[in-house]
C-alpha cells in the first residue's frame with residue numbers, strides 16, 4: 001500500500017475502478033472482497049493492465065481455482081466459476097470479437113465452445129447446418145438533399161438497387177419512416193432512429209419492416225428524418241448487403257449423461273449482430289454453459305436427467321440455429337423426452353431477474369424461486385418477475401414445438417442496456433457479479449432437478 005491514501009483503486013479480478021480514499025468492502029461489479037483491490041495510479045496503469053489481463057484470461061500463478069468445502073466452485077476472486085465466465089467471455093467477445101453468423105469468426109467461436117464444453121462434458125456434438133446468410137458489406141447511406149448520413153442496417157434486410165431508392169419519407173411508427181417512391185402503394189424501404197451508447201444501435205427488424213431495405217441512424221440524426229418527412233423533400237437511400245446462400249454455422253452441445261428418459265436443455269446463443277462484440281449479448285450468458293456444466297459434473301448425478309448444454313448460432317438472424325436444432329429434435333422423435341428448455345439471453349443487463357414461462361413450464365417456477373432464495377447474491381436483487389415469453393429469442397422456437405420452456409433475462413440497468421447491439425458492448429463493460437449470480441442461481445436450480 002502507498003504511504004498516502006490512494007484516490008483510486010482497481011479490482012484485480014474484473015478491472016472495476018473505484019474512486020475514494022479506501023476501496024469498497026466488495027467490488028460492485030464482480031463481488032470480490034476488499035483485499036482484491038490495489039491502488040490505481042498513472043504510474044501503476046501498465047501493471048494494472050497486466051493484473052487485469054491475468055484475471056480475465058485465467059493466467060498467472062494466482063489464477064488457480066478455489067473450491068468451497070462442499071466441493072462446489074468457490075466464490076473467491078479466482079473461483080472456478082468466475083474464472084470460467086471471464087475466460088470464455090474474453091475469448092468470445094475480445095479475442096474473436098464480432099461473431100456474425102456464417103463468418104470465420106462464427107466458426108472460431110464454435111471451436112472455442114467445443115473446446116470449453118469438451119473439457120467438462122464426456123460427450124460434445126457439433127451440429128452443422130446451412131442457412132441463408134447475410135453480410136452488411138459497407139452498410140448504408142441516406143442522402144437528404146446533399147446532406148449524407150451513414151446508416152447501420154437492419155439485420156438480414158435486402159439490398160437496394162445500385163443507384164438506391166429515391167422518394168419521400170412518411171412516418172409509419174415511433175421514430176420509423178417509410179420511403180415512398182413515386183407511384184408506389186407501400187414503402188420501398190424503412191429508415192429509423194434507434195439510440196444506443198455512442199450512436200445508433202441495431203434493432204431486430206421483424207417482418208414486415210425487416211422485409212425491406214432498412215437503415216438506422218442515431219436519435220440525434222433522427223431529427224433530420226423528421227425534418228425531411230415534414231418538408232416532403234426527396235431523399236435517396238442506398239445499401240448493398242450481400243445474401244450468402246448456403247452459409248454454414250453450428251450449434252455446439254455438451255452432454256452430461258443422466259436418466260435417458262428425461263432430458264433438460266440449457267441454451268444460450270453465441271453469435272452477435274454485425275457491429276458488436278456482444279460481451280453482454282450474449283457472450284457472458286453463453287459462458288455460463290461450461291461454468292454450469294463443470295458445477296453439475298462435480299455434483300452427484302443419481303436421478304439426474306440428461307443435461308444438454310447447447311450453444312446456438314445464428315440467433316440474430318431469425319433464430320436459425322435454434323430452428324435447425326428443434327427441427328431435428330422433432331423429426332427424430334426426441335422432443336417428447338425433453339422435460340425443459342432453459343434459455344439464457346443477457347443475464348447481465350440488470351439486477352432484476354425476469355423469467356418467461358410457458359404453461360407447461362410453470363411447475364418449475366417454485367423450484368427456481370427456491371434456488372434464488374437460497375443463493376448468495378452479489379448484484380441480483382433477489383426478486384423473480386414472471387414475464388411473457390418473447391418471440392425474438394431462441395426460447396420461442398422450443399415453445400413452438402411444445403417443449404416446456406423457460407427464458408431467463410435481466411433488466412433494470414439503463415447504462416448496461418444502452419450497450420445492446422453496439423460496438424461498446426465490450427468485455428470491460430460486463431458486470432461480473434451478475435454473471436456469477438446467474439451461474440449460482442441456475443446451478444442451484446439444475447441441482448434441484450436431480
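The values are calculated or read from the model by the stated rules, or taken from the named source; none is laboratory data. These figures come from a predicted structure and were not determined experimentally. Cβ atoms come from the backbone with ideal geometry, glycine included; neighbour counts cover every protein chain shown.
Computed values, structure above
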| read-out | value |
| --- | --- |
| Elements of type strands (runs of 3 or more DSSP E) in the range 122-163, at least 2 residues being within 19 Å of residue 225 (Cα to Cα) and touching a residue at least 24 places away in the same chain (Cβ under 8 Å) | 140-144, 147-153 |
| Residues within the range 422-450 that are out of contact with any helix residue (DSSP H, G or I) (no Cβ under 7 Å at 6 or more places or on another chain) and in a loop (DSSP other than H, G, I, E, B), tallied | 5 |
| Residue match in the range 349-357 (condition: closer than 17 Å to residue 315 by Cβ and assigned by TED's automatic domain parsing to the domain that holds residue 288) | yes |
| Hits in the range 195-215 (condition: within 16 Å of residue 237 (Cβ to Cβ) and modelled with pLDDT of 85 or more) | 212, 213, 214, 215 |
| Verdict on residue 398 being crowded, with 20+ Cβ neighbours inside 10 Å, closer than 18 Å to residue 287 by Cα and in contact with a helix residue (DSSP H, G or I) (Cβ under 7 Å, 6 or more places away or on another chain) | no |
| Odd one out for residue 410 among (1) under 22 Å from residue 316 (Cα atoms); (2) modelled with pLDDT of 95 or more; (3) part of a loop (DSSP other than H, G, I, E, B) | (3) |
| Selection status of residue 142, touching a strand residue (DSSP E or B) at 6+ places or on another chain (Cβ under 9 Å), surrounded by 19 or more Cβ atoms within 10 Å (Cβ to Cβ) and within 25 Å of residue 295 (Cβ to Cβ) | no |
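Residue-wise test of (1) surrounded by 14 or more Cβ atoms within 10 Å (Cβ to Cβ); (2) without any contact (Cβ under 8 Å) to a residue 24 or more places away in the chain.
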site: 321; (1), (2): yes, no
site: 331; (1), (2): no, yes
site: 334; (1), (2): no, no
site: 344; (1), (2): yes, no
site: 351; (1), (2): yes, no
site: 356; (1), (2): yes, no
site: 362; (1), (2): no, yes
site: 376; (1), (2): no, no
